[in-house]
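Here is the structure we will look at, set down as structure tokens.
The values are calculated or read from the model by the stated rules, or taken from the named source; none is laboratory data. All figures in this text were calculated on a predicted structure; none of them were measured in a lab. Note: ideal-geometry Cβ built from the backbone for every residue, glycine included; neighbour counts use all protein chains shown. In case anyone asks, the SASA skips ligands and DNA or RNA and just uses the protein heavy atoms, side chains included. Shrake-Rupley method; radii C 1.70, N 1.55, O 1.52, S 1.80 Å.
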There are 2 protein chains.
Amino acid sequence: MADSLNERSQNILEAIVEDYITSAEPVGSRAISRKHNFNLSPASVRNVMADMEEMGLLCSPHASAGRIPTGKGFQYYIDTLLEVRDLNRSEKQNLRNSYRFKNMRMEDIMQEVGRVLSGLSQYTGLVMAPKFISTVFRQIEFVRLSQGRILMIYVSETGLVQNKVIQADRTLTTHDLEKISNYLNSELNGLTIHQIRAKLNQELQDDRIVYDQLKKQALSLSCAALQDEIEDQLYVSGTSLMLGQPEFSSAEKMKKMIQTLESKKLLIELLDQGQSAQGVQIFIGSESSHVDLEGCSLITSNFSNQKGAIGALGVIGPVRMNYSGVVPIVDFTAQLVSRVLDRETEKD
Amino acid sequence: MADSLNERSQNILEAIVEDYITSAEPVGSRAISRKHNFNLSPASVRNVMADMEEMGLLCSPHASAGRIPTGKGFQYYIDTLLEVRDLNRSEKQNLRNSYRFKNMRMEDIMQEVGRVLSGLSQYTGLVMAPKFISTVFRQIEFVRLSQGRILMIYVSETGLVQNKVIQADRTLTTHDLEKISNYLNSELNGLTIHQIRAKLNQELQDDRIVYDQLKKQALSLSCAALQDEIEDQLYVSGTSLMLGQPEFSSAEKMKKMIQTLESKKLLIELLDQGQSAQGVQIFIGSESSHVDLEGCSLITSNFSNQKGAIGALGVIGPVRMNYSGVVPIVDFTAQLVSRVLDRETEKD
DNA sequence: TTTAGCACTCACCTCGATGGAGTGCTAACA
DNA sequence: TGTTAGCACTCCATCGAGGTGAGTGCTAAA
């Protein structure tokens, strides 16, 4: 995309981005020429900077301030210059020890992951629980509520509990429901929601089913229960942590950020977008993408167990984020969570 | 508590509080004497104000500013001067129409209530779901996870689903679990958790139980499942709304507020405190109570169905809150929610 | 091609002056 | 005795002037 830079320009861009990441202030030519020993005078650095400003990689808030990287500048840095090292053994062990998953519900695990992510990164942690449609069936139960409504409780193979209220035939007795759930539990065990839906559609076509009362009721109930999507669950933690960053020092910007995090919709959308990708992804909320995320970056990774229950986790913070520090944490955490999901699935 | 005020002082205090509620700025003697037709000169008003300042009901941010009510001043206003009118029929109908509870899960209802409360009040809505211990048993199910862990799913009579992972005897088969849950579902139906715990303790004393394998297993499992508390669930909505208030105009204060709302612990504590009370309660977070809530007020009310499932809802905002507008909303919403809980319980 | 030098720009800080809102006090008045 | 007009006083907010420092762009020399 950007015209390619020669090595010197790259070095200078890298230095500017990294200085800016730690200081959050415009970086001047003198600082660059002194701190990093390029053996270049400030004047030379200025020339390079002027070129990069023209290319749209840098900008200056006003005439006599230093330069700050633009969204495009950060993008270039991330695509070309950023070197992400793997965590070493003891770092991995530390990270593992940060997480306490013992005897936790799936919900608690997700929340814990968010909390740790945000604590380690000092930004805001995001975790999207495995999507309903990608989960594998383990068990379903029905509870009769008043007025013909039925509470459906679905447990996925990883122990994720989701529930939903459905309107159903008033004549169904508790005993009927029990028979139906028994039937479904034996029929659907081990299938993904995807497969289940295919199966349901197929059986809907089958005329013979009208003769089997139980099957018919089971079919209509499971259609109501499993055909529609269930809303994604997004856990946001450490909102206040991120607000310590200088980019949110003005009350105005802080409020906007909170609004964005609170509505969740946009975040879910973004996490969805990276769903087909493998490994860590970085979104930069510059002019291009959504207005509400201007000035923010999102580092995410998917996690999934072997059967394919797909969720996502990550960290959202200012564009001026410590990428080299946060990326490996997000990456390894996603691997850890994937492994935990697999452990849940294990038969003993 | 405060030395009683004569009528004129009361009128002036009321005027000051109400002016301050709408303007968020210190109120001067001239404004009071002009806008409200007490037929008093500013000088007279000043005399009264000076007295009330001495009594601790007012204070002035600096020598040449007007007065603002202190926490104590607000307390006096709320205790003595505030007149809360009931909503009229059409207002009630409007409020009823704001809530869409149809085919919603308990969780969704709680969330919806929070959203509407915050939307109507322009402050932050809080809803604490009925406490586990106060709920009435409807159904329990067990799902085997890996490594001898069992997922317990508990549904209360109002349709509130709670789950928990317990460590149990590895030898329990799915079939055993089914028998146990059937047994428990018939034994415990309609009992409160309170009653169930008493029953469990009693049976633990009973030696004969060792001879009945099923009963023994059921007992140990339900102890693990129902004996401990389950964490309270608090729904917080409209955080960003409240941040529009001028008291949070500084980034510093905004951040503090977010932290308080995010940690939830303190809020749950406060909502718990009002649990024995009836009707609407108002907490003023002045010097007396917790530091984190300085400058905030909390308007809450409990809700409960006839069987006693107790939760709480309310609104948190700056001390300078529109009490006369918000109190009736909180009050009537609590009544509505109570009625919804009862409807859930109804047999059809 | 690089660099030293220099003029220039602009944010930021401080300082002092000004104006306005509101108070407290005092003395006069009903 | 309570109320009020008048007045001096206090303090904040705003504005503009002036100085400072960081950093730039340009030019000419090495």
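Around B:Phe248, what is the net charge, scoring Lys/Arg as +1 and Asp/Glu as -1 over all other residues with Cβ under 11 Å from its Cβ?
Values: positive: A:Lys255, B:Lys253, B:Lys255, B:Lys256; negative: B:Glu247, B:Glu252.
Here the count lands on +2.
In what order, largest first, do A:Glu107, B:Glu178, B:Glu25, A:Glu112 sit by accessible area if the probe radius is 1.4 Å?
Per-residue accessible area, sorted high to low, gives B:Glu25, B:Glu178, A:Glu107, A:Glu112.
In the Gaussian network model of chain B, springs joining C-alpha atoms below 10 Å, which of B:Gln233, B:Gln278, B:Gln111 carries the largest mean-square fluctuation?
Comparing B:Gln233, B:Gln278, B:Gln111 in a Gaussian network model of chain B, the most mobile one is B:Gln278.
Express in Å², to the nearest 10, the accessible area of B:Thr171 obtained by rolling a 1.4 Å probe over the protein heavy atoms while all chains stay in place.
Accessible surface of B:Thr171 is approximately 100 Å².
Which values, in whole Å and largest first, are the semi-axes of the equivalent ellipsoid of the range B:133-226 obtained as the square root of 5 times each eigenvalue of the Cα gyration tensor?
That gives 19, 18, 11 Å for the three semi-axes.
Among rounded, prolate and oblate, which fits the protein assembly as shown when a ≥ b ≥ c are the square roots of the eigenvalues of its C-alpha gyration tensor, a/c under 1.5 means rounded, and a/b larger than b/c means prolate?
Cα axes put the protein assembly as shown in the oblate bin.
Within the set of other residues whose C-beta is less than 15 Å from the C-beta of B:Phe101, count the net charge using Lys and Arg as +1 and Asp and Glu as -1.
+3
When a/c reaches 1.5 or more, the comparison of a/b and b/c decides; with that in mind, is chain B rounded, prolate or oblate per its Cα gyration tensor?
prolate
Just check the range A:7-81 against the gyration tensor rule for me: Cα atoms, a ≥ b ≥ c as the square roots of the eigenvalues, rounded for a/c under 1.5, and otherwise prolate or oblate depending on whether a/b exceeds b/c.
Rounded.
For the range A:237-330, max minus min Cα coordinate along each principal axis, in Å, sorted largest first?
Projected onto its principal axes, the Cα set of the range A:237-330 covers 45, 27, 25 Å.
If contacts are Cα pairs under 8 angstrom and at least 6 residues apart, what is the relative contact order of chain B in percent?
19
Taking the range B:47-150, which trypsin sites (Lys or Arg not before Pro) meet the DSSP loop condition and have no more than 11 other C-beta atoms within 10 Å?
B:Arg85, B:Arg100, B:Lys102
Farthest toward the dipole's positive end in the range A:7-81, which of A:Ser29, A:Gln75, A:Ala50, given Cβ charges of +1 (Lys, Arg) and -1 (Asp, Glu) about the Cα centre?
A:Ser29
In the neighborhood of B:Ile258, defined by Cβ-to-Cβ distances under 14 Å, what is the net charge if each Lys or Arg adds +1 and each Asp or Glu adds -1? Working shown, then result.
On the way: positive: A:Lys253, A:Lys255, A:Lys256, B:Lys253, B:Lys255, B:Lys256, B:Lys264; negative: A:Glu262, B:Glu247, B:Glu252, B:Glu262, B:Asp292.
The answer is +2.
Once ligands and nucleic acids are excluded and a 1.4 Å probe is used, how much of B:His194 is accessible, expressed in Å² to the nearest 10?
Number for this one is 120 Å².
For A:Glu25 and A:Ile230, FRET efficiency with R0 = 51 Å and r from the beta-carbon atoms, rounded to 0.05?
Working: r = 46 Å, r/R0 = 0.90.
With R0 = 51 Å, the Cβ-Cβ based efficiency is 0.65.
May I ask you to list the trypsin sites (Lys or Arg not before Pro) in the range A:25-55 that are in a DSSP loop and have at most 13 other Cβ atoms within 10 Å of their Cβ?
Here no loop site has a sparse enough neighbourhood.
Considering chain B as a Gaussian network with a 10 Å cut-off on Cα pairs, which listed residue, B:Leu40, B:Leu58, B:Leu184, attains the greatest mean-square fluctuation?
Between B:Leu40, B:Leu58, B:Leu184, it is B:Leu40 that shows the largest mean-square fluctuation.
Would you please give the residues with an amide H less than 5 Å from that of A:Thr135, counting only those at least 5 places away or on a separate chain, with H modeled from the backbone geometry?
A:Ile193
Please sort by residue number the trypsin sites (Lys or Arg not before Pro) in the range A:283-348 whose DSSP state is loop and whose Cβ has at most 10 other Cβ atoms within 10 Å.
A:Lys347
Under 26 Å Cα to Cα from A:Lys199, which lysines show up? Leave out anything in the same chain fewer than 8 places away.
Within the straight-line limit of under 26 Å, A:Lys199 reaches these lysines: A:Lys131, A:Lys164, A:Lys179, A:Lys215, A:Lys216, A:Lys307, A:Lys347.
Among A:Tyr20, B:Ile310, B:Leu293, which residue has its Cα positioned farthest towards the positive end of the charge dipole of the protein assembly as shown, with +1 placed on the Cβ of Lys and Arg, -1 on the Cβ of Asp and Glu, and the dipole taken about the Cα centre?
Projecting each Cα onto the dipole axis, the largest value belongs to B:Ile310.
Relative contact order of the range B:133-226: what whole-number percent is it, with Cα pairs under 8 angstrom and at least 6 residues apart?
Once normalised by length, the contact order is 29 percent.
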